[in-house]
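These notes concern the structure reproduced below.
The values are calculated or read from the model by the stated rules, or taken from the named source; none is laboratory data. The shown structure was predicted, so the numbers you read here are calculated from the model rather than taken from an experiment. Heads up, the Cβs are rebuilt from the backbone with ideal geometry, glycines too, and the neighbour counts pull from every protein chain shown. For the accessible areas, the whole protein counts, side chains as well, though only heavy atoms, and no ligand, DNA or RNA atoms are used. Shrake-Rupley method; radii C 1.70, N 1.55, O 1.52, S 1.80 Å.
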Amino acid sequence: ILTINIYLVDAMSGKINHYSIIIPFKTGKQYLIDCLQSVLAQDYPHFEIIVLADITSNTDDALHAIKDLNNPKISVQLSDKNLDILQNWGRIKDLDKKEYMTILGYDDILSKGFLTCINNLINTYPEASLYHTHFNYINSNSETIKKCQSLPTQMTASDYLEYTLKETIDIMATGYVFKSEDYDAIGGIPTNYPNLIYADAQLWIALTKKSYLVVDPAIQFSFRIHPSVTKTSKDKILLDAFIIFLAYLKELKKEATSFELAIQSYLTAFAESTTKAMAHRLLRTPKMNRQGLTIDKVTNEIAGKCKQMEVPYSPFKIKSIQIARFIETTPLLNELFLIFKKIYKKPVL
């Protein structure tokens with residue numbers, strides 16, 4: 001009787017759509033189990049869960065914990081190799097999937113109405129190519145930090161690009177739903193970005209180009225932020241990823257006048273903001289851990305890409321960049337700044 005009632009509700013609310021929820025995973029058993037339980041608690045029943053794991057994923061008995069859940073909706077695609085993030089996420093396009101799919105961070109949490117909300121969006125806007133909802137940021141203890149920035153109900157790809165460059169959108173891999181055939185047709189998430197930084201932005205723009213994005217303002221998932229504990233600098237990774245993203249924007253600029261207008265209007269400010277953020281990160285990083293990076297090297301690389309796109313950008317005229325360069329090239333000031341940042345964590349430039 002319960003099954004019949006569920007199908008009657010689905011029939012009344014529109015088409016019954018089926019979803020693959022794909023969770024790339026390395027390690028972190030408790031976060032993964034919490035994530036899986038949030039998916040299993042969905043009040044919309046037509047989904048499967050695919051966990052992408054490798055031979056290193058069971059160091060904390062995570063795979064045994066999945067087995068203990070004893071739920072037929074969950075399958076584990078286990079590689080017999082040690083995969084990095086690019087290799088693991090690269091497998092997604094080759095999976096057998098339901099009509100619709102979403103990628104979920106193993107430490108993120110879905111609200112129980114996430115799929116119902118998405119399904120209603122799809123039935124209301126069947127011609128859209130990307131579906132999303134608002135969300136909360138949570139910390140490592142699952143406490144809410146803040147809400148995401150608000151988005152309009154509908155966005156074109158050029159709108160999405162504009163919001164990206166204006167930094168008035170919070171771009172995450174979690175929370176987007178789309179047709180599996182569309183994802184496969186564009187080759188999946190681009191894996192040429194180090195650590196997939198900016199890869200999600202390119203992916204969402206590419207999928208939105210197929211039609212448009214629809215957003216429900218309801219908060220239907222939580223994205224987890226962890227405090228950084230690594231002692232290895234990510235500055236080189238961030239710079240390399242940003243340079244790749246700028247190369248993508250250069251090609252995008254040629255595709256349509258709307259893309260060109262957004263890039264010409266907002267890339268200067270976006271590049272300036274990114275350069276300042278990278279300069280601040282560099283100042284917090286001892287020179288021995290920078291992999292040879294300097295503020296001048298970062299600034300010149302970004303400025304060179306902007307010049308190729310004929311986008312005006314004069315980073316060395318920016319006051320905070322001038323101050324950062326002065327601190328970096330003055331040994332005593334540089335040492336004092338490193339000591340200061342151990343005490344005061346917020347940006348000062």
Given Cα pairs under 8 Å that are at least 6 residues apart, what percent is the relative contact order of segment 113-244? 41
Classify segment 114-176 from the C-alpha gyration tensor, please: rounded if a/c falls under 1.5, else prolate or oblate depending on whether a/b exceeds b/c. oblate
DSSP loop trypsin sites (Lys or Arg not before Pro) in segment 7-98 with at most 13 other Cβ atoms within 10 Å of their Cβ, which ones? LYS15, LYS81
Name the long-range amide H neighbours of PHE221: under 5 Å, sequence gap of 5 or more, or other chain; modelled H, no Pro or chain starts. SER111, ASN136
Rounded if a/c under 1.5, otherwise prolate or oblate - segment 235-349, Cα gyration tensor axes: prolate
From the square roots a ≥ b ≥ c of the eigenvalues of the alpha-carbon gyration tensor of segment 94-232, which class results: rounded (a/c under 1.5), prolate (a/b over b/c), or oblate? rounded
Using the basic label-point model (7 angstrom from Cα toward the beta carbon), what is the ARG284 to ASP68 distance in nanometres? 3.6
What would the Debye formula give as log10 I(q)/I(0) at q = 0.11, 0.12, 0.13, 0.14 Å⁻¹ for the alpha-carbon point model of the chain, no solvent? -0.82, -0.97, -1.11, -1.25
Convert each backbone phi in segment 56-71 into a coupling constant with the Karplus relation 6.51 cos²θ - 1.76 cosθ + 1.60 (shift: θ = phi - 60°), then list the ³J(HN,Hα) values in order as whole Hz, x for Gly and Pro. 8, 6, 10, 4, 10, 6, 4, 5, 5, 5, 5, 4, 5, 5, 6, 10
Would you kindly state how much longer the chain becomes between SER320 and SER273 on full extension, computed as 0.36 nm times their sequence separation minus their alpha carbon distance, in nm to one decimal? 15.9 nm
Take every DSSP beta bridge with both residues inside the chain and express the antiparallel ones as a percent of the total, to the nearest 5. 30
Links exceeding 26 Å between C-alpha atoms in this model, out of LYS29/LYS276; LYS236/LYS276; LYS287/LYS319; LYS179/LYS276, come to LYS29/LYS276; LYS179/LYS276
Defining a contact as two alpha carbons under 8 Å apart and six or more residues distant in sequence, what relative contact order in percent does the chain show? 16
Flagged as over-length at 23 Å C-alpha distance, from LYS209/LYS297; LYS146/LYS297; LYS73/LYS97, the pairs are LYS209/LYS297; LYS146/LYS297
Amide H within-cut-off set for ASP216, under 5 Å, with H built and near neighbours excluded: HIS132, THR133, HIS134
Considering only protein heavy atoms, what per residue accessible area in square angstrom results for the chain with a 1.4 angstrom probe? 49
Among the lysines, which fall within straight-line cross-link reach of LYS147, defined as a Cα-Cα distance under 23 Å, with same-chain neighbours fewer than 8 residues apart omitted? LYS112, LYS166, LYS345, LYS346
Antiparallel %, DSSP beta bridges [both residues in segment 22-164], to 5: 25
Two-site FRET efficiency, TYR125 against GLU335, from Cβ-Cβ distance with R₀ of 45 Å, rounded to 0.05: 0.20
Taking 0.36 nm per intervening residue step and subtracting the Cα-Cα distance, what contour gain separates LYS236 from VAL76 on full extension? 54.3 nm
Ignoring everything but the protein chains, give the 1.4 Å probe accessible area of PHE326 in square angstrom, nearest 10. 120
